[in-house]
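What follows is one structure encoded as structure tokens, with my remarks underneath.
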Amino acid sequence: MLPKKNSDVEIGRNSSLYFAIGLNIMLFLSWQALEYKTYETEDVDIGYVSMQSRLEEEIPIVKMSQTLPPPPPPPAIIQENVEIVEDEEIIEETIFESTEVTQSDAIVEYGDTDLGVSDVQVAEVAEDVEVPFSVIENVPVFPGCEGKSKAATVKCFNDKMLEHVRNNFHYPEAALDLAIGGRVTVVFIIDTKGYVTGIRSRGPDKILEKEAERIVSLLPKMKPGTQRGRPVKVNYAVPIVFKYSATQ
């Protein structure tokens, strides 16, 4: 037979309670140890303060005499001498003559020689006028477009210009390497002698602008355009499209 345990003599029955009580006691003692304060018991010498009466020295009051500025001098008395002039005295008046020139005044040069209308020479001044291609009376004539009507001459001019651009077109290698493309507008002037001058361009890149200007600079000499029977400068604009593709 196994011996039976007596529940009254079991040691670990209330161990958790004892542990909690012991833990609280230790925490309380630790808190009291941290809050414990000590003070010095030595006497501190605060010294001796002697209070004596202090005599205040009286400062005498000195009155300063203020010197007033001298009064301003009295205003000067101006004596007016009135001279009585007799009424019979004649006073000379200054006459101002007019310097304006009227139509009745004659202009005489080189003695008594009169100038007539026929003696005046009018010099003809040549006007430097630029006329747009779309409004000029007689458009410039491209080589190979002679002897046509105005409408046919305009069409022939545009066709020749397109043919010239196609024949002289070359895509710059630098633009191909950089994959640059776009539209370049070239504006130029056909002067009074039929030469192409004043070439200007605007485009997406300087490389394309330079190539477009090169193409236009190769245009041949033309018959200049005329306005009112006189040769004038004519400005013209041509668009050149540089289309980039990966197969180029």
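Against the test of being in contact (Cβ under 8 Å) with a residue 40 or more places away in the chain, out of contact with any His (no Cβ under 8 Å at 6 or more places or on another chain) and exposed (fewer than 14 other Cβ atoms within 10 Å of the Cβ), the options 164, 170 yield a single qualifying residue, 170. Is it the case that residue 212 is touching a helix residue (DSSP H, G or I) at 6+ places or on another chain (Cβ under 8 Å) and more than 20 Å from residue 143 (Cβ to Cβ)? It is false that residue 212 is touching a helix residue (DSSP H, G or I) at 6+ places or on another chain (Cβ under 8 Å) and more than 20 Å from residue 143 (Cβ to Cβ). Counting only strands (runs of 3 or more DSSP E) wholly contained in the range 125-205, the ones carrying 1 or more residues that are under 29 Å from residue 245 (Cα atoms) occupy 182-190, 196-202.
The set of residues in the range 173-206 that are more than 19 Å from residue 226 (Cα to Cα), of a type in the set (A, V, I, L, M) and surrounded by 18 or more Cβ atoms within 10 Å (Cβ to Cβ) comprises 175, 180, 184, 186. Residues that are over 18 Å from residue 168 (Cα atoms), modelled with pLDDT of 90 or more, charged (D, E, K, R) and part of a helix (DSSP H, G or I) are absent from the range 224-231. Take the residues in the range 208-221 that are within 9 Å of residue 242 (Cβ to Cβ) and of a type in the set (A, V, I, L, M, F, W, C); name whichever of them is surrounded by the most Cβ atoms within 10 Å (Cβ to Cβ). Going through the qualifying residues, I end up with 212.
The values are calculated or read from the model by the stated rules, or taken from the named source; none is laboratory data. Computed from a prediction, not measured in an experiment: that's the story for all the values here. Here Cβ is always computed from backbone atoms with ideal geometry, including for glycine, and neighbour counts include all displayed protein chains.
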